[in-house]
Amino acid sequence: MRLPVAPAEPVAGGPVSEERAAAALEALVAKHCLTIEERDFTQLVGNIGDRVMALHDSRDDRTIAVAVNQDPSLRLRAVCRILEEMGVKQ
């Protein structure tokens, strides 16, 4: 799978069903030994939580925090974007 370069860019192959997005994320997590944590970002100051797709703690390069109840396709794109920024090549 080619990593998207922007959050709005679709994953290669066009729109992805929730099931395919969840399966692709599961494969990425296993392949790169990631830990995905769900967090409630809505309590962040200044409504920034509404715009947070995922966070990466640079001190622990294998943990990515994602928003609770996030659409699986959006979650996949967010994790792919972080992996790309980490220099991970697919």
### Karplus 3J(HN,Hα) series, Hz, for the stretch 46-57 with 6.51 cos²θ - 1.76 cosθ + 1.60 (x for Gly, Pro)
x, 6, 5, x, 5, 9, 7, 9, 6, 10, 10, 8
### Summary
Here the relative contact order (percent) of the stretch 21-65, from C-alpha pairs under 8 Å and at least 6 apart, is 37 percent
### Task
Largest first and in whole Å, give the semi-axes of the stretch 15-90's equivalent ellipsoid, each being the square root of 5 times a Cα gyration tensor eigenvalue.
20, 16, 10
#### Entry: Gain on full stretching of the segment that runs from E26 to D40 - 0.36 nm per residue minus C-alpha separation
3.0 nm
### Query
Where does each of 28-39, 77-88 land if you order them by average Cβ count within 10 Å, highest first?
77-88, 28-39
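Every number in this text was worked out from the coordinates using simple rules, so none of it is lab data. From a predicted model like this one, the values you see are computed outputs, not experimental measurements. Virtual Cβ from ideal backbone geometry, glycine too; neighbours counted across all protein chains shown.
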